[in-house]
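Each value in this text was obtained by applying a stated rule to the coordinates, not by laboratory testing. All figures in this text were calculated on a predicted structure; none of them were measured in a lab. Because the Cβ atoms are built from the backbone with ideal geometry, glycine has one as well, and the counts that use them run over all protein chains shown.
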Amino acid sequence: MKAYVYGANGAEIADVPKPAPKGTQVLVRVHACGLNRADLGMTKGHIHGSAGGVGTVLGMEWAGEVAELGPDAKGVKVGDKVMGSGAAAFAEYTLADHGRLFRSPSNMNFDEAATLPIALTTMHNAVVTNGALQPGQTVLIQGASSGVGLMAMQIAKLKGASLVVGSSTDAGRRARLKDYGADLAIDSSDPNWVDQVLKATDGQGVDLIVDQVSGPVANQNLKATKVKGCIVNVGRLGGTHADFNFDLHAARRITYIGVTFRTRSIEEIRDIFAEVRNDIWSAVEARKLQLPIDRVYSFDEIGQAFAHMEANKHLGKIVVTL
């Protein structure tokens with residue numbers, strides 16, 4: 001089968017053996033894939049969790065049809081339309097644990113379904129499970145114009161947030177954040193953004209920050225979080241190291257939580273998928289939670305798709321079809 005592989009010459013389309021499902025695995029015929037920032041790093045040979053390096057089939061997110069079941073796989077049957085996340089997604093066939101997929105709603109095509117698994121699971125876990133957002137509370141999403149950021153704002157609104165603030169350093173994308181739940185859009189590269197957040201919250205700061213930027217905004221986040229508020233660190237697009245004001249952190253009694261899928265067990269990931277199904281899946285089926293598709297590429301154009309992502313001018317998801 002053809003797959004997008006990181007090889008000795010970098011990322012390229014190559015022929016690789018078709019995988020066979022074992023245990024609780026499901027073999028999926030892939031029809032569409034969603035691109036993610038971690039994929040971009042892996043096309044340059046970076047390691048993401050246990051994945052990466054020469055010989056790696058790239059990709060983390062897909063939609064397709066169940067082609068074959070492992071002997072212990074349950075909950076789906078051959079022919080079911082599904083979407084999910086896992087390794088080696090950019091290929092004609094991929095393997096997934098039976099607990100790491102969703103049934104695609106009947107009113108959703110493969111392109112649309114491929115945009116959702118990572119955004120839904122990452123941000124339900126950040127906003128609801130770890131962030132414990134309650135109706136009437138206020139939230140700031142740092143890096144809100146990414147696919148997961150747009151989903152975070154929608155989930156916050158669905159859960160009754162009274163104020164949703166979204167950040168983007170791009171003026172064009174910032175202007176569109178209100179279409180996806182932002183009551184206030186800020187530029188996190190503007191030194192005065194904390195004052196804007198404090199003004200919008202009567203000087204208190206927000207109850208919750210979901211941070212995908214980190215690096216240079218670390219101390220500003222502390223200033224923008226209310227006393228006994230919470231920061232959930234999801235991503236580090238702005239840098240993995242920065243100055244951190246421990247005294248301010250202590251004075252404001254902020255709960256600071258780091259999350260990633262890279263060190264989670266399959267049992268933990270199954271629980272996250274189950275929580276999404278139990279809590280917000282009806283909103284997905286009703287199309288209340290959805291992401292814009294910026295551009296669709298054929299599999300033969302996958303290199304162009306990654307170049308488009310690296311240019312960082314898109315809003316929403318980039319999709320590759322097979």
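Summary table
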{"read-out": "Expected 222 nm ellipticity per residue - DSSP helices of 4 or more, -39500 (n - 2.57), all of the chain, to 500", "value": "-7500 deg cm²/dmol"}
{"read-out": "Hydrodynamic radius by Kirkwood, which averages 1/r over all alpha carbon pairs of region 25-163, in angstrom", "value": "16.0 Å"}
{"read-out": "Residue exposure sequence - 62, 281 - by fewest surrounding Cβ within 10 Å", "value": "281, 62"}
{"read-out": "Förster-model FRET efficiency, 30 Å R0, residue 307 and residue 103, C-beta, rounded to 0.05", "value": "0.35"}
{"read-out": "Calculated SAXS-style log₁₀ I(q)/I(0) at q = 0.14, 0.25, 0.29 Å⁻¹ - region 146-208, Debye, Cα scatterers", "value": "-0.37, -1.13, -1.33"}
{"read-out": "Mean shadow area of region 208-303, taken as a quarter of the surface of its Cα convex hull (nm²)", "value": "9.6 nm²"}
{"read-out": "Size descriptor, Kirkwood hydrodynamic radius, that averages inverse alpha-carbon separations across region 187-253, Å", "value": "12.0 Å"}
{"read-out": "Pair residue 277, residue 20: separation of 7 Å Cα→Cβ label points (nm)", "value": "2.8 nm"}
{"read-out": "The chain - share of DSSP beta bridges that are antiparallel (%, nearest 5)", "value": "55 percent"}
{"read-out": "Spatial extent of region 270-320: Rg and Dmax, with the Cα atoms as the point set, Å", "value": "14.8, 38"}
{"read-out": "Fewest-first sequence of 140, 322, 58 by Cβ atoms within 10 Å of each Cβ", "value": "322, 58, 140"}
{"read-out": "At 0.692 mPa s and 37 °C, Stokes D of region 176-221 from Kirkwood alpha-carbon radius, µm² per second", "value": "284 µm²/s"}
{"read-out": "Translational diffusion of region 119-258, µm² s⁻¹ [Kirkwood Rh, Cα pairs; Stokes-Einstein; 25 °C; 0.890 mPa s]", "value": "171 µm²/s"}
{"read-out": "Over 19 Å between alpha carbons, listed pairs 157/288; 199/226; 199/313; 178/288; 159/199; 74/159", "value": "199/313; 159/199; 74/159"}
{"read-out": "Where Rh is the Kirkwood radius over Cα pairs, Rg/Rh for the chain", "value": "0.97"}
{"read-out": "Rounded, prolate or oblate (a/c below 1.5 giving rounded, otherwise prolate when a/b exceeds b/c) for region 99-145 by Cα gyration tensor", "value": "prolate"}
